[in-house]
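Some notes on the structure that comes next.
The values are calculated or read from the model by the stated rules, or taken from the named source; none is laboratory data. In this text, all values refer to a predicted model and were calculated from it rather than measured experimentally. Cβ sites come from the backbone with ideal geometry, for glycine too, and all protein chains shown count toward neighbours. Surface accessibility is based on the protein's heavy atoms, side chains included, excluding ligands, DNA and RNA. Shrake-Rupley method; radii C 1.70, N 1.55, O 1.52, S 1.80 Å.
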Amino acid sequence: ERSPDVAGKLCEELDRANVVAAEDLPHDVVTMQSEVEFVDERSGDRRKVQLVWPRDANLDQNRLSVLTLVGAGLIGMQAGSAINWPDRYGKERCLRIVDVRQPERTDRAA
């Protein structure tokens with residue numbers, strides 16, 4: 001109810017999703033808790049964030065909610081891929097995924 005535009009975009013992404021077991025998911029695909037480095041191709045800005053649930057979001061700690069426009073755009077993306085996605089002002093921008101890290105998966109492999 002609070003962000004119908006974001007909810008709509010996230011639902012679109014979920015409709016396109018393929019469900020796979022966690023162990024079958026490539027390590028460079030953005031999932032919840034992923035640490036993601038991406039570039040806004042329009043501005044050249046580069047950011048590193050962790051994709052989290054809304055209750056854990058904290059921009060000062062670079063923890064980005066999946067229920068933001070950028071967060072909804074990042075989920076399911078793979079390193080090296082790009083997506084055209086609207087910003088909060090409705091202007092489309094190209095987000096290119098530079099790197100994806102899965103901290104919980106890295107810990108289990110050690």
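Using a probe of 1.4 angstrom and keeping all protein chains present, the accessible surface of the range 16-77 works out to 59 square angstrom per residue. Residue-wise HN-Hα couplings along the range 36-52, as the Karplus relation 6.51 cos²θ - 1.76 cosθ + 1.60 with θ = phi - 60° gives them from phi, are 10, 10, 9, 10, 7, 4, 5, 9, x, 5, 10, 9, 10, 9, 10, 7, 10 Hz; Gly and Pro carry x.
Label point of Gln78 set 7 angstrom out along Cα-Cβ; within the range 21-59, amide nitrogens under 14 Å from it belong to 24-31.
For the range 35-110, the fraction of 1.4 Å probe accessible surface lying on carbon and sulfur atoms is 45 percent. Taking 0.36 nm per residue of separation and subtracting the Cα-Cα distance, full extension of the segment from Gln33 to Arg96 would add 20.8 nm.
Each residue of the range 92-101 was assigned a 3J(HN,Hα) from its phi angle through the Karplus expression (A = 6.51, B = -1.76, C = 1.60, θ = phi - 60°), giving 7, 9, 9, 9, 10, 7, 8, 8, 9, 10 Hz with x at Gly and Pro. Simple spin-label estimate for Ala21 and Leu59 gives 4.1 nm between the two label positions (7 Å along the Cα-to-Cβ direction from each Cα).
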